[in-house]
1. Across segment A:138-158, what is the number of residues that are more than 8 Å from every other protein chain (Cβ to nearest Cβ), without any contact (Cβ under 8 Å) to a residue 60 or more places away in the chain and open to solvent by 30 Å² or more (accessible area, probe 1.4 Å)?
2. Please state which of the following conditions B:A17 fails to meet, knowing it meets all the rest: (1) among the aliphatic types (A, V, I, L, M); (2) within 14 Å of DNA strand C (Cβ to nearest atom); (3) in the same structural domain as B:E148 (by TED's automatic domain parsing).
3. On the given criteria, is A:G105 part of a helix (DSSP H, G or I) and under 21 Å from B:E179 (Cα atoms)?
4. Here are the criteria: (1) away from DNA strand D (no atom under 12 Å from the Cβ); (2) more than 22 Å from B:L135 (Cβ to Cβ). Tell me which single one B:L45 does not satisfy.
5. Does segment A:84-91 include one or more residues that are open to solvent by less than 20 Å² (accessible area, probe 1.4 Å) and within 14 Å of chain B (Cβ to nearest Cβ)?
6. Could you tell me whether A:I35 is over 25 Å from A:E97 (Cα atoms), open to solvent by less than 10 Å² (accessible area, probe 1.4 Å) and either assigned to a helix (DSSP H, G or I) or in contact with a helix residue (DSSP H, G or I) (Cβ under 8 Å, 6 or more places away or on another chain) (or both)?
7. Tell me, which residue of segment B:108-118 that is of a type outside the set (S, T, Y) and at the interface with chain A (Cβ under 8 Å from one of its Cβ atoms) is least open to solvent (accessible area, probe 1.4 Å)?
8. Given (1) under 22 Å from A:S95 (Cα atoms); (2) in a helix (DSSP H, G or I); (3) within 11 Å of chain B (Cβ to nearest Cβ), where does A:M173 come up short, assuming only one miss?
There are 2 protein chains.
Amino acid sequence: MPLTSITEIRKQEILKAFYQIAISEGVENSSMAKIAKVLEVQPSLIVHYFKTKEDLVSALIDYCLERYFQIFEEEFSRPGTPSLKIKNLIERLFSKEWNDLFDDGVFYSCYSLIFRSDDIKSKFKILHEGLRKKLSLIIESYLEFKGEDKSQAEQLSHQVFTLVDGSYYFINMLSTKKEQALHLESAKKLAQTLLKIR
Amino acid sequence: MPLTSITEIRKQEILKAFYQIAISEGVENSSMAKIAKVLEVQPSLIVHYFKTKEDLVSALIDYCLERYFQIFEEEFSRPGTPSLKIKNLIERLFSKEWNDLFDDGVFYSCYSLIFRSDDIKSKFKILHEGLRKKLSLIIESYLEFKGEDKSQAEQLSHQVFTLVDGSYYFINMLSTKKEQALHLESAKKLAQTLLKIR
DNA sequence: CAATTTATTGAACACTCATTCAATCAATAA
DNA sequence: TTATTGATTGAATGAGTGTTCAATAAATTG
């Protein structure tokens, strides 16, 4: 059961190597053979831990989605007033840190698989719904805290995520870090306006 | 020069077949051999028209980007007051028609390539900047028409595209057509509010 | 310790891939 | 008509793919 078992360590190693190769060469150009080469191991060993290539991709996506969840969970369970919580969360959602959680190229490659794999689609869906739900709860208690109508919490949560996802798509088409930071800042401002923060 | 030349017809046929295969099997699982099979032709003929597989992908992206540009251009050059123009444009941007212009799976696959190919990155960049610029101009004349401060036209254009891109990412994670339509409607409303339409 | 399970090797499989090349066939031009 | 160009074939190449399988080494368990 412990992560220290050889099996879990090896799986983690393989996944890490896969991720690195996917970053530099793309998910579609990654292969069991390449992973084996990096780890200086026989290809058949990769198969021993991940029966098929699909398993490998599936595990990579799990790893990716867990990272997003983790950060969110972390901020969610921090102490503080609803006002402070929502403020901090918005800061993190529109930050470089959130963007750097997982390589964008690998992420969009994986995302594109949802259109052909129901299994992968449901994974992404669970993540997406989970995050929306959590944000929605925070917004709800924040509105309640301010004595405002909390019935629109869910809609606000959707709007914020639309801005987040749209922004990260957007900034990859900007050339300089400065432009990217500016757009992120502008989108954050809009989110804060919608939530009437400050 | 005419599109009726055999070369152009063949290229178009090949591209169309490539697109169809990419839709059902994914860009990464498409191959010259598969295209050849569909067209009942030798693989070497595909090479005759597209030297490498990269050329093929590049041409597919051009085809995709042209479609988006075309629709936008069409609406842009229509007669009417700035108010009417902006209203119609927003309707189209948040419509099923805009979403169906190009297969989402293929689109995101292609998009993910920008992180490893400067050539592809610049193609997407040109599209993105072009569309933003056009929308910005329309917003500008719309604000001028209403006698309002037009200095924020560019920012509004960015915000609208962030909402559009974020929404299409978002709705792929919704199960039913109804939910998708609802979210699209909600995002459109927000865009209209930002632009103070109606 | 012996027994058994797990980790790892190494060779082999059938397949698909992008690309090449020379050989034909058809269309166009001089 | 002949010369030339472009369209198409068909066979071949070498490299890479995911996967299988039996054999061996190492670790774990009884």
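The values are calculated or read from the model by the stated rules, or taken from the named source; none is laboratory data. Quick caveat, the model's predicted, so the values are computed rather than measured. Cβ placement follows ideal geometry from the backbone for every residue including glycine, while neighbour counts extend to all protein chains displayed. We work out accessible area using only protein heavy atoms, side chains counted, and drop any ligands, DNA or RNA first. Shrake-Rupley method; radii C 1.70, N 1.55, O 1.52, S 1.80 Å.
1. 9
2. (3)
3. Numbers: part of a helix (DSSP H, G or I): yes; under 21 Å from B:E179 (Cα atoms): no.
For A:G105, the condition - part of a helix (DSSP H, G or I) and under 21 Å from B:E179 (Cα atoms) - is not met.
4. The failed condition is (1).
5. Narrowing segment A:84-91 to residues open to solvent by less than 20 Å² (accessible area, probe 1.4 Å): A:86, A:89-90.
The next check asks that each one be within 14 Å of chain B (Cβ to nearest Cβ); those that pass are none.
No, segment A:84-91 contains no residue that is open to solvent by less than 20 Å² (accessible area, probe 1.4 Å) and within 14 Å of chain B (Cβ to nearest Cβ).
6. Details: over 25 Å from A:E97 (Cα atoms): yes; open to solvent by less than 10 Å² (accessible area, probe 1.4 Å): yes; either assigned to a helix (DSSP H, G or I) or in contact with a helix residue (DSSP H, G or I) (Cβ under 8 Å, 6 or more places away or on another chain) (or both): yes.
The answer is yes for A:I35.
7. Residues of segment B:108-118 that are of a type outside the set (S, T, Y), as a first pass: B:110, B:113-116, B:118.
So of that shortlist, the ones also at the interface with chain A (Cβ under 8 Å from one of its Cβ atoms) come out as B:113-116.
Values: B:L113: 29, B:I114: 7, B:F115: 70, B:R116: 83 Å².
Residue satisfying both the conditions and the ranking: B:I114.
8. (2)
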